[in-house]
Amino acid sequence: MPRKHQPPIELIRHLADGRWHSGETLAGVLGVSRTAVWKRLRELETLGLELHKLTGRGYRLARPLELLDAETIARAMAPARRVLLDKLEVLPLTDSTNRVLMENQLERALCFAEYQSAGRGRRGRSWVSPFGANLYFSAAWSFSSAPAVLSGLSLAVGVGLARMLRELGIAEIGLKWPNDLYWRKKKLGGILIEHAGEAGGPWRVVAGVGINLEMTEKQAEGVDQPWTSVAEACAAQRLEMPGRNQLAGQCADALLVVLERFSAEGFAPFRKDWNEFDIARDRLVRVDDGGRWQEGKASGIDTDGALLLQIGNEKRRFVSGEITLRLQ
Ligand code: BTN
């Protein structure tokens, strides 16, 4: 459920510089009592923001924060993509950007959030979404074709994002079927496609993406698998970490390029690249086939994006959306 009130965004804006601010100054700037400031600071911690407190100096964020801004994100996108959108918004806080776009009727829209109280992952899992630590965003798009044909879309989105991250200079980016972004054997991000539509179309699709940027161990409490972040990948390769708005714009661009191309050509133009990013290829894997574990050698994907598994003498096909793949 959405939270009843918005986070104290003005307070976050003041603290975003990462410097010390006394309780008195904050109270003055916000026009509230020091007790009210203290309550709001406690609220920031419940949103996953890490605060330092020091007697005599006041409060500061554990590190400076570049807040997302819709205009700055739009400027980081190619004009040809910007014009495709009916709306681009940044919400300080929501339950889930996928939920927001599933419930509005815009044909083409992008929604970013700084915090999600009920971020959705695949297969009913939740997506841990601490304030300002990562990127959480969704795109709504209308397709004329039915969901069966859309089964490759989540793989195609993975390809678009993987290409973009590789172009930033991050080597060793991989994809784990069906749509996990990986860096050096750890999860860097995930994609959740949801759709609504009526027989005969059009089908409204919401493609949601979470990419870990600078999440700390503390903020990641509740993440139930090995994870990594863009910050870790950049540090390991001595790359400068891109700004959050810049990266948000590039992610949005990459996502819209995929949605546009997929509308016209389906999954075919993405298959070759997917195979190149596939981290499971030729490895022994286990697939959760509706509660029954199947073991075999991962043998790439077919033309629709279904996983191909060599089990003994038989090659079996697993359809996107029903299966979790675990590397052994
Ligand atoms: C996965 O389980 O790997 C998919 C995770 C998808 C998370 C993103 S964050 C933005 C968007 N809104 C959501 O509620 N989920 C997706």
*Is there any pair with a first residue in the stretch 217-242 that is under 18 Å from Ser117 (Cα atoms) and a second that is surrounded by 18 or more Cβ atoms within 10 Å (Cβ to Cβ) and β-branched (Val, Ile, Thr) whose Cβ atoms are under 6 Å apart and which are 6 or more apart or on different chains, and what are they?*
Gly222/Val128; Val223/Val128
*Quick one: which strands (runs of 3 or more DSSP E) sit completely within the stretch 139-224 and have at least 2 residues that are away from the ligand (no atom under 11 Å from the Cβ) and within 21 Å of Glu265 (Cα to Cα)?*
186-197, 203-211
*asked:* When you scan the stretch 8-21, do you find a residue that is surrounded by 13 or more Cβ atoms within 10 Å (Cβ to Cβ) and touching a Ser or Thr at 6+ places or on another chain (Cβ under 9 Å), even just one?
replied: yes
*Qualifying residue in the stretch 55-67 (condition: touching a helix residue (DSSP H, G or I) at 6+ places or on another chain (Cβ under 6 Å), of a type in the set (Gly, Ala, Ser) and on the phi > 0 side of the Ramachandran plot)*: yes
*asked:* Name the single residue that is farthest from Thr46 (Cα to Cα) among those in the stretch 119-130 being among the small types (Gly, Ala, Ser) and within 7 Å of the ligand (Cβ to nearest atom).
replied: Gly121
*asked:* Of all residues being out of contact with any Ser or Thr (no Cβ under 8 Å at 6 or more places or on another chain) and polar (S, T, N, Q) in the stretch 105-127, which is modelled with the lowest pLDDT? Just the residue, please.
replied: Gln105
*Which numbered condition trips up Ala74, out of (1) within 21 Å of Leu15 (Cβ to Cβ); (2) more than 9 Å from the ligand (Cβ to nearest atom); (3) of a type outside the set (Asp, Glu); (4) crowded, with 17+ Cβ neighbours inside 10 Å?*
(1)
*When Thr25 is evaluated against the numbered criteria (1) more than 23 Å from Pro130 (Cβ to Cβ); (2) assigned to a loop (DSSP other than H, G, I, E, B), which criterion, by number, is the only one it fails?*
(2)
*What number of residues within the stretch 93-107 are surrounded by fewer than 18 Cβ atoms within 10 Å (Cβ to Cβ) and in a loop (DSSP other than H, G, I, E, B)?*
4
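Matching residues to (1) in contact with a Phe, Trp or Tyr (Cβ under 7 Å, 6 or more places away or on another chain); (2) at pLDDT below 95; (3) part of a loop (DSSP other than H, G, I, E, B):
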| position | (1), (2), (3) |
| --- | --- |
| Trp38 | no, yes, no |
| Glu43 | no, yes, no |
| Gly56 | no, yes, yes |
| Pro64 | no, no, yes |
| Ala74 | no, no, no |
| Met77 | no, no, yes |
*Scan the stretch 225-244 for residues that are within 15 Å of the ligand (Cβ to nearest atom), of a type outside the set (D, E, K, R) and under 25 Å from Val100 (Cβ atoms) and jot them down.*
Trp227, Ser229, Val230
*Restricting the search to the stretch 86-104, which residues are touching a residue at least 60 places away in the same chain (Cβ under 8 Å), under 15 Å from Trp141 (Cα atoms) and away from the ligand (no atom under 12 Å from the Cβ)?*
Leu88
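The values are calculated or read from the model by the stated rules, or taken from the named source; none is laboratory data. Everything numeric here is computed off the predicted structure, so don't read it as measured data. Cβ coordinates were reconstructed from backbone atoms using ideal geometry, including for glycine residues, and neighbour counts include every protein chain displayed.
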